[in-house]
Amino acid sequence: MAPTEAAEAKVLTREALPVRSEDDVVLVRRRARELAQRRGFDGFAQAAITTATSEIVRNALVHGGGGEATLEELDRGGRAGVRLTCRDEGPGVLDLERALRGGFSVTGTLGLGLSGARRLVDEFEVRSAPGAGTTVVLTKWARR
Amino acid sequence: MRQTGQVPILRVAGVLLVAIQVDLGDTVATALQEDVLEAIARTGSTGLLIDVTGLEMVDSFVARVLVDTGRMARLMGTETVIVGLRPEVAGTLVRMGFDVSEVQAALDIDEGLERLGCKVVRRGAD
């Protein structure tokens, strides 16, 4: 791993947005795009973070009954990044392994959500336990 | 008929043209699907063009709505072509693993019309 990769990510800005309605899903993904643009992401990276954000925030609303999304602008050794942390208070993803493989959905509507989002970003972490809600953290870095 | 109010459905050269210019919330996307099917029934159009040039993002929900609309239209005897997919949107959908095998697509509206059997005369083309 290059030395810059090991450097700690500096958080430049942080904002928390509610996830209570469908309109909130649109607002959060729009905001993710704005931050990616501001950080100099190319079109492909912008689309990736925007789409991944949409999937995860919608999951939080539909499966988790809503929650909160936090967007951060990052800098790691001069490389720009955007991170989403999305937390819900739902029942938790019942079968995380299957959900991450894709093609599986608890409600039969969003089989691609988690697995698709994971393929679009550079770092992806999901913490979930039955009854404890789900938290997804994903990060996209600008191409050099 | 439910009116989404945000996406006009036009009739051009015998086909329906739906130009999506705004980032669609889930309810609006679903309502648009129903509006399009009703417009097909009303007009008897045998072709449907969905122009997504204005969409900066197509996630799995919106993609599913678009593909399903095409499948439903096919049941009504109408052929669907999706046009104007941006490079980054096409790349994102494929990287997510979205199944695009049954989607008919064209680069732009002219090409989409030709795909649906309309004769398009481009000025200065020859």
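The values are calculated or read from the model by the stated rules, or taken from the named source; none is laboratory data. What you see is a predicted model, and the numbers here were worked out from it, not measured in a lab. Cβ placement follows ideal geometry from the backbone for every residue including glycine, while neighbour counts extend to all protein chains displayed.
Some notes on this structure:
- If you filter the range A:44-75 down to residues that are of a type in the set (A, V, I, L, M), touching an Asp or Glu at 6+ places or on another chain (Cβ under 6 Å) and in contact (Cβ under 8 Å) with a residue 12 or more places away in the chain, you find that the one that is nearest to the other protein chains (Cβ to nearest Cβ) is A:Ala60.
- All positions within the range B:89-99 that are among the β-branched types (Val, Ile, Thr), more than 11 Å from B:Val52 (Cβ to Cβ) and touching a residue at least 12 places away in the same chain (Cβ under 8 Å): B:Thr92
- Among the residues of the range A:106-123, those identified as surrounded by fewer than 19 Cβ atoms within 10 Å (Cβ to Cβ) and either in a strand (DSSP E or B) or at pLDDT 85 or above (or both) are A:Arg119, A:Asp122, A:Glu123.
- Checking B:Leu10 against (1) exposed (fewer than 14 other Cβ atoms within 10 Å of the Cβ); (2) touching a Gly at 6+ places or on another chain (Cβ under 9 Å), the condition it does not meet: (2)
- Qualifying residue in the range A:9-16 (condition: more than 14 Å from chain B (Cβ to nearest Cβ) and modelled with pLDDT under 95): yes
- Hits in the range B:77-118 (condition: within 14 Å of another protein chain (Cβ to nearest Cβ), part of a loop (DSSP other than H, G, I, E, B) and of a type outside the set (Gly, Ala, Ser)): B:Leu85, B:Arg86, B:Phe98, B:Asp99, B:Val100
- Every residue from the range A:59-92 that is under 15 Å from A:Val126 (Cα atoms), out of contact with any Pro (no Cβ under 9 Å at 6 or more places or on another chain), surrounded by 24 or more Cβ atoms within 10 Å (Cβ to Cβ) and not charged (D, E, K, R): A:Asn59, A:Ala60, A:Leu84, A:Cys86
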